[in-house]
1. Might you tell me the accessible area per residue for segment 440-486, computed with a 1.4 Å probe and given in Å²?
2. So for the chain, averaging the separation of alpha carbon pairs under 8 Å that are six or more residues apart and normalising by length, what relative contact order in percent results?
3. List the aspartates and glutamates whose Cα lies under 13 Å from the Cα of Lys486, skipping any in the same chain that are fewer than 8 positions away.
4. Taking the Cβ of Gly228 as the center, what net charge do the other residues with Cβ under 14 Å away carry, scoring Lys and Arg +1 and Asp and Glu -1?
5. Taking a probe of 1.4 angstrom, what is the accessible area of Val301 in Å², to the nearest 10?
6. What distance in nm separates the two pseudo spin-label positions at Ser835 and Lys121, each 7 Å out from Cα along the beta-carbon direction?
7. Rounded to the nearest 20 debye, what is the charge dipole size of the chain about its Cα centre when +1 sits on each Lys and Arg Cβ and -1 on each Asp and Glu Cβ?
8. Could you tell me the center-to-center distance, by alpha carbons, between segment 36-92 and segment 571-608 in angstrom?
Amino acid sequence: MDYKDTLLLPKTDFPMRGNLPTNEPKKYQAWYDADIYEQMKAKREGAEMFTLHDGPPYANGDIHIGHALNKTLKDIILKYNYFQGKAVRMTPGWDCHGLPIEQKVEEKLGKSKKEAMPTEKFRELCRAHATKFVDIQRDGFKQLGIIADWENPYVTMDFKFEANIYRTLCEVAQKGLLVERHKPIFWSWAARTALADAEVEYEDKEDYSIYVHFELSDAAKEKIGVEGKAGLVIWTTTPWTLPANTGISLNPEEMYVLTDDGHIVAEVRYDAMIEEGVVSGHASRKIASTELENLLAINPVNGRSSKVILGDHVMMDGGTGAVHTAPGHGEDDYKVGLKYGLEVVMPVDERGCYDESVKGLNLLPNADEFVGMHIFKANEPILELLGDNLLKQSKFVHSYPHCWRTKKPLIYRATNQWFISIDDKPKGSEKTLRESALTAIEDVNFYPASSKNRLQPMIEGRPDWCISRQRSWGVPIAFFRVKSTKEVIFDADVLEHIAALFDVYGADAWYSMSNAELLPEGSKYNPDDLEKISDILDVWFDSGSTWNSVLSSGNYDAGEYPASLYIEGSDQHRGWFQSSLLLSSAINQVSPYKTLITHGFTVDEKGEKMSKSKGNVVAPDKVIKQYGSEILRLWVALSNYQTDLKISDGILKQTAEQYRKIRNTFRFLLANVDDLEAYVSNDAYGELDRWILAKAREVFASIKASFDAYDFLGGFATLNHFITNELSGIYMDITKDRLYCEDKNDESRRATQSAMAHVSKAMLGLVAPVLTYTADEILEYVPALFKDGMENVFDLVYVEVPEVEASFDDSILLDARVKFSEAVDKLKKEKLMKSTLEVEIAGDMSLFAINDEKDLEDWFVVSAMKASSEGEQVASFEVEGNTYTVHKATAAKCPRCWRFTSTSEGCACERCAKVVGA
């Protein structure tokens, strides 16, 4: 008799290979065609809401692997909450204004064409450029299987959106936090605009290190009682700022010394100055800094007066203790200059070149030669002008601020700019904006927790936020100024009228409409008396106000404010996380996010940044075509995203192996529950089934706890360990006999099938957020009992493994399995045996916690467990001090189940004979 036909072998049409690159696009398209996001909303109507507010990528260029990481992580988190039964919302967005788009459009046009073009026409071209890349990036994200409200994204250049950005600005103004100041700010001469701190990068730059003698005026010498040569020595790295010097700052607590050769330096810096060869004379007299306060020195570049002042910003860890002070070129200089009434001299134009004021204010001799000269080219000529007053010069490399877009070095330049005041109190609040923001983050959950230590000090130490830019493509700071008085009009009726026009015509209306059209009907203002402010808003204001424009405006079905979660790269502590926090705190005194997650950046397998020149760029579309997006998604889940994430072909191959292991585990489980029509009752499970159910329940609870804490790496590590060891390594192996050889409806077989179905269904709910395509594919092949009316994966809700009566303590049994396996591995290597069914184990069985004899045999996958055996001993192993011997089985091999439990060769064992005869 051919017994093979009598076995209940695994049966499923679920394919072993996913063929992901071919099959995924079809399923994704079907989801989008069916508007699966709307279905998800309908299926969770009334459930607890989880709002993930999408930080907008910039609408410029194709998506890269960093985009893929960011959006995939968001998708995993969103779907995790969805499969846990929550209603979810994610409205994807794009940042569409700003310098990079202006530059791209300007490159195509040419500078002269751009300058001759009306602003509204140029803005039209910028809008078209951004629109093109919104569509390109949206298609790229959809290819990754990202589910979001793709039909209703937020785009910061949409008319209503621009209107709401402007309304947010008006609210800040009405809270009394918007101020206009003439002060130094970071200026990009390459981009010809002011920059905020978030737009500044630090790179190495070579600069001069110079020590310059400023001779005291005769009146000053007389006041302190010195004759002959006497002057303060300053140290600076920016010779080009010397023409704008109006002061020298000393530390109010320090003593200074006058040397024999006529130089004044801080006493604590004297030895260092001798060592460096800056001064050489003996320290002949001590002078307190307070004695020098308000005296005048002479600027050796131009002969203008330089007032000696005191400031706490003067440090003693370098330099001379006397700081060159040019209030137009530095934040500290400006602050201390304000206190002493120093003139703010600014002879540098928007291009970074000296303007006519170097001539008009006599800032440089031979001034005509300097007008129009770039400041960085002026260093050498200025050094020549110093003559003997230049005591020492050298060059050194240091970290210096650069423009994040043009990559060119920045300068500090005093201009009229708009600021959000950090240390003023918004109307109606007892706290300053800084205090309010710091209070707000106390209620935020940070992942990793250390990221709070990045954001908090940034808020504590940040200056006022410069929000104005001298560019064309952005939301205008659309306020009128009275020509005669320069007063800015914050009339609520005027502001709301402008916002309402923006709703209909977009912010272009500010440029295309006349003053009369922009004023409400019957306005008390005469349009001819008014002028428009021409600056635009910093793009960080655009994105920082998205909580208002997206979550609070009612224009989108985007979820709740404050959002459940913001998640972006670690660079956003100084960018989007901070700008959003400041604007939400300014207007509502709350954080716009309840939880903040920070992820790292993508690097190659050596940890190096990706660049085309290095040839180490991993493009998302290439990964999808080669491996499929499921592998990319699993790579995200298996990476520690809180640090930089390594990716390469080798890493993706390893990830693909992990995927195959998960896929084939599900395939085995599906194949063995194919004919299951009803779950057994909880009291029908045997010891082995209760063991795996209890183990799975414990493990899955641990995985869920990891996922709840956004630790997908930890969760998947636990899952992989469980699959490799308990599930696949033990349970799926030890239950084959009952699944294949028992009667179809045997209680033990049905119990094992039920246990497998419960484990599979719970496990599917855990992997579905990451492997959504595969989970959906699995559901096409599950039995009706498992499917339970689900049409697709989006009907799935995570269910725990049922709680069952406690099973055996497995600690000794697991150890015994390992020891037995080590013993028989030698026999297999020596080809003395092929299968463990050929042997039986003899010894004290009371040590093992499994009561059922057949279950104990199955645990070791042997044909008998006895107190003693007459068979030939072939091995032994020790457990807890007890010795167990391994013997060749004494019974004959059953031709059906291959267990050595038959009375004679060729005859079926009693169990198999009964099943076949039934």
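1. Working: 1910 Å² over 47 residues.
Ligands and nucleic acids excluded, the figure is 41 Å² per residue.
2. After rounding, I find 14 percent.
3. Glu180, Asp529, Glu531
4. -3
5. Solvent-accessible area, nearest 10 Å²: 10 Å².
6. A separation of 8.5 nm, rounded to one decimal place.
7. Values: 105 positive and 142 negative charges, 355 e Å.
Approximately 1700 debye in magnitude.
8. Centre-to-centre distance over Cα atoms comes out at 17 Å.
The values are calculated or read from the model by the stated rules, or taken from the named source; none is laboratory data. What you see is a predicted model, and the numbers here were worked out from it, not measured in a lab. Glycine also receives a Cβ, built like all others from the backbone with ideal geometry; neighbour counts cover every protein chain displayed. These area figures cover heavy atoms from the full protein model, side chains too; ligands, DNA and RNA do not enter into them. Shrake-Rupley method; radii C 1.70, N 1.55, O 1.52, S 1.80 Å.
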